[in-house]
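Everything below concerns the one structure shown next.
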Amino acid sequence: MGLFFNPFNNLICILLGISLTVWFTMLLVFIIVPAIFGVSFGIRRLYMKTLLKVFKWATLRLERGAKEKNHLLYKPYSNAIIAREPTSLEEEIKEIRRSGSNRDLNSASEFEMSDIFYFARRGVESIMDDEVTKRFSAEELQSWNLLTRSNYNFHYISLRLTVLWGLGLLIRYGFLLPLRVTLAFTGVGLLVFLTSIVGLLPNGRVKNYLSEKVHLMCYRICVRALTAIITYHDSENKPKNGGICVANHTSPIDVIILASDGCYAMVGQIHGGLMGVIQRSMVKACPHIWFERSEVKDRHLVAKRLTDHAEDKSKLPILIFPEGTCINNTSVMMFKKGSFEIEAKVYPVAIKYDPRFGDAFWNSSKYGMVSYLLRMMSSWAIVCSVWYLPPMFREEGEDAVQFANRVKAAIARQGGLVDLLWDGGLKRGKVKDTFKEEQQKLYSKILVGAQEDRSRS
């Protein structure tokens, strides 16, 4: 019996060896080598165009099948509410009082029961169309992208859609996922190994040059591990040494997206485990800024280290995400002022993802890092556009908060995002009392103003 199975086992080993050789040869020729030299064969963009045609066909079949079976297709909730022109609290109170008692505000008493309707309506509107909460959930899609996670019922509408969905499942998990995992381990492994080697060299031009090339090569391999298709605009505005690059934040892969087109000094807290190994190896080759857990809350220490780095024109630009948390790429939320208190040139960057191919948003309260990366690597692709905006300076008489809001507005305008004043910290915290007090002060001014007008008359 052993003699019978021995040739069969040898044949399996030979075939397996040939398959692995072909697999790694294709990776080397078509992905790793192009990543080293920063070239592309155009395969990913052809793949993207093909997916768009498939999505268009699937959407048409979906709509036709839904009509035949009387299914109610899901429409994004955001379209259900009609936006009203913004008006001030005083104007709305006036309107309510006039319609309720046909009196002008100036002749009104200090308080009217009808005023309650304004606050009740605003409360219901906030519940129905909350500007903050919906920024921490996946962006709504107008059509189905053949991912079960988009809608659990769509692939049961017709046999053709079911077959297409099953074929897509096989391609994503049977071919793309193993390929991407291999590339991810290759990119991270090379980053750790090569930066450790470069870190042994003495400081100087040679070390800086090799460090830049190693980082670019490894990040480009990691970009290909996500099948990321990135379009960079206005490269003449790319961040330069001695400056601070600020960008809107959607996902941890924002770093890879930007670092595959230029080198940056990263800022963050020191971690343990695999992330700690990567951080320690990176800082050997390049002066990144890592903080101990006890140092993160020391604003003066953080500001001093950032200032010292920015003042050295030989060091790479600092990459910072001032929102402090991930937003679902539909809006830009409040920028923390700390990054804008430093007297340095600020380079704004806008990042906009295309959700049709895969949702890049990381909902950290729902998914851990490993499960999130698995979702990314099992998506069709990561497609995004990056805009480098002209550098901005803090104007005379402008404080850090005003400067931060001006930069945020520029990023939102360029990326087609909603500019919100809310703090992204509301993702895990409660509304600050100052926001409530602000509304109370506005209402008090109306009452006090009406009382003063009556006393003058």
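The values are calculated or read from the model by the stated rules, or taken from the named source; none is laboratory data. Predicted model only: the values in this text are computed from it and were never measured. Note that we place each Cβ from the backbone using ideal geometry, even for glycine, and neighbour counts take in every protein chain shown. Areas reflect the complete protein model, heavy atoms only, side chains present, ligands, DNA and RNA absent. Shrake-Rupley method; radii C 1.70, N 1.55, O 1.52, S 1.80 Å.
Residues in segment 344-390 that are among the hydrophobic types (A, V, I, L, M, F, W, C) and assigned to a loop (DSSP other than H, G, I, E, B): Ala344, Phe357, Ala360, Phe361, Trp362, Trp380, Ala381, Leu389.
Of the residues Ser211, Ser196, the single one that is of a type outside the set (Lys, Arg) and open to solvent by 20 Å² or more (accessible area, probe 1.4 Å) is Ser196.
Of all residues in segment 308-334, those satisfying the criterion of being open to solvent by 10 Å² or more (accessible area, probe 1.4 Å), part of a loop (DSSP other than H, G, I, E, B) and in contact with a strand residue (DSSP E or B) (Cβ under 8 Å, 6 or more places away or on another chain) are Lys315, Leu316, Phe321, Thr330. The number of residues in segment 243-294 being surrounded by fewer than 22 Cβ atoms within 10 Å (Cβ to Cβ), closer than 20 Å to Leu389 by Cβ and touching a residue at least 60 places away in the same chain (Cβ under 8 Å) comes to 4. For Ser385, the conditions (1) more than 15 Å from the chain's Cα centre (by Cα); (2) buried (at least 17 other Cβ atoms within 10 Å of the Cβ); (3) closer than 23 Å to Cys263 by Cβ all hold with the exception of (1).
Okay, residues lined up against (1) among the aliphatic types (A, V, I, L, M); (2) at pLDDT 90 or above:
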site	(1), (2)
Asp399	no, no
Ile411	yes, yes
Leu420	yes, no
Gly429	no, no
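Taking Ile320, is it aliphatic (A, V, I, L, M), out of contact with any Phe, Trp or Tyr (no Cβ under 7 Å at 6 or more places or on another chain) and under 22 Å from Gly415 (Cα atoms)? So Ile320 fits the description; yes.
Tell me, which residue of segment 348-371 that is of a type outside the set (A, V, I, L, M) and open to solvent by less than 10 Å² (accessible area, probe 1.4 Å) is nearest to Leu258 (Cα to Cα)? Spell out how you get there, then give the answer.
We begin by selecting, within segment 348-371, every residue of a type outside the set (A, V, I, L, M); these are 348, 352-359, 361-368, 371.
Filter again for open to solvent by less than 10 Å² (accessible area, probe 1.4 Å), leaving 348, 357-358.
Values: Pro348: 12, Phe357: 19, Gly358: 18 Å.
Result: Pro348.
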